[in-house]
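Contents: one structure, followed by commentary.
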Amino acid sequence: MSARKQMLDLDGDGRADTIFFSGTTFGVKTASGALITTNAGALLTGGGDHHAWAKTMEAEPPVAVVDDGHTAVVFAIVGCRLVVPAGTNGKPYRFTLWGWGTYGTGVACVGSDRGGWMLAGVDAVRTGAGRYRIDTTEVDISKDGRTAKNGQTVKGTKTFAADSTEVAQAKESICTQVPRLTDVGK
């Protein structure tokens, strides 16, 4: 494992688990010893540093999000597998970062009104005079991890300066509740 970071419990046994990169391979090593890997590099579009975070979500399986600074891919952690959910177009559900695509600017884990956490697409929307509002769209992942679809979109009610921390975070793959793994030069 060339880069690794301990996360919270991802497999439900109450013990912290570890995510890691080894070349283009991304994986999860559970405290009980299970090793789950995938070739994440095959699903990413940019050549930048790889980043990842993982978290248990409220109404869906735990997720791991892997990015290269341009694109982020979500993996559902189901049993001893990393499953890439397909979007409504049948292709892997991906997020664009920093405005590299035609929709959205980032991905995050956000608090839900039910007290848990949910995966969300994030969009820093320019409102004029150098200000941005942050919109979030809930991402619903099936229990088996095979499909993902957009849920409710919530338009932000505050605006932020273009150089604010809030706008920068809305353009990344981030979950402030867990550490972020970085593998430089991949």
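General observations
- Single residue of the range 36-46 satisfying the filter (in contact (Cβ under 8 Å) with a residue 40 or more places away in the chain and part of a strand (DSSP E or B)) that is nearest to residue 106 (Cα to Cα): 38
- The range 102-114: number of residues that are in contact (Cβ under 8 Å) with a residue 12 or more places away in the chain and either touching a helix residue (DSSP H, G or I) at 6+ places or on another chain (Cβ under 6 Å) or more than 13 Å from residue 174 (Cα to Cα) (or both): 4
- Search result, residues across the range 47-76 that are on the phi < 0 side of the Ramachandran plot, in a loop (DSSP other than H, G, I, E, B) and not hydroxyl-bearing (Ser, Thr, Tyr): 47, 48, 49, 57, 58, 59, 60, 61, 62, 68, 70
- Taken together, the residues in the range 129-186 that are part of a strand (DSSP E or B), under 21 Å from residue 114 (Cβ atoms) and basic (Lys, Arg) amount to 1.
- Selection within the range 1-35 - in a loop (DSSP other than H, G, I, E, B), hydrophobic (A, V, I, L, M, F, W, C) and closer than 14 Å to residue 178 by Cβ: 7, 8, 10, 16
- Number of positions in the range 7-33 that are surrounded by fewer than 14 Cβ atoms within 10 Å (Cβ to Cβ), farther than 23 Å from residue 59 by Cα and modelled with pLDDT of 90 or more: 2
- The range 77-122, subset outside any strand (DSSP E or B) and hydrophobic (A, V, I, L, M, F, W, C), residue surrounded by the fewest Cβ atoms within 10 Å (Cβ to Cβ): 80
- Single match in 183, 135, 140, 113 (criterion: at pLDDT 95 or above and among the acidic types (Asp, Glu)): 135
- Selection count where residues are within 22 Å of residue 68 (Cα to Cα) and not β-branched (Val, Ile, Thr), scope the range 95-131: 17
- Taken over the range 32-65, residues that are within 15 Å of residue 144 (Cα to Cα) and β-branched (Val, Ile, Thr) amount to 2.
The values are calculated or read from the model by the stated rules, or taken from the named source; none is laboratory data. Computed from a predicted model, the values in this text were never measured in an experiment. Neighbour counts are summed over all protein chains in view; Cβ atoms, including those assigned to glycine, are modelled from backbone coordinates with ideal geometry.
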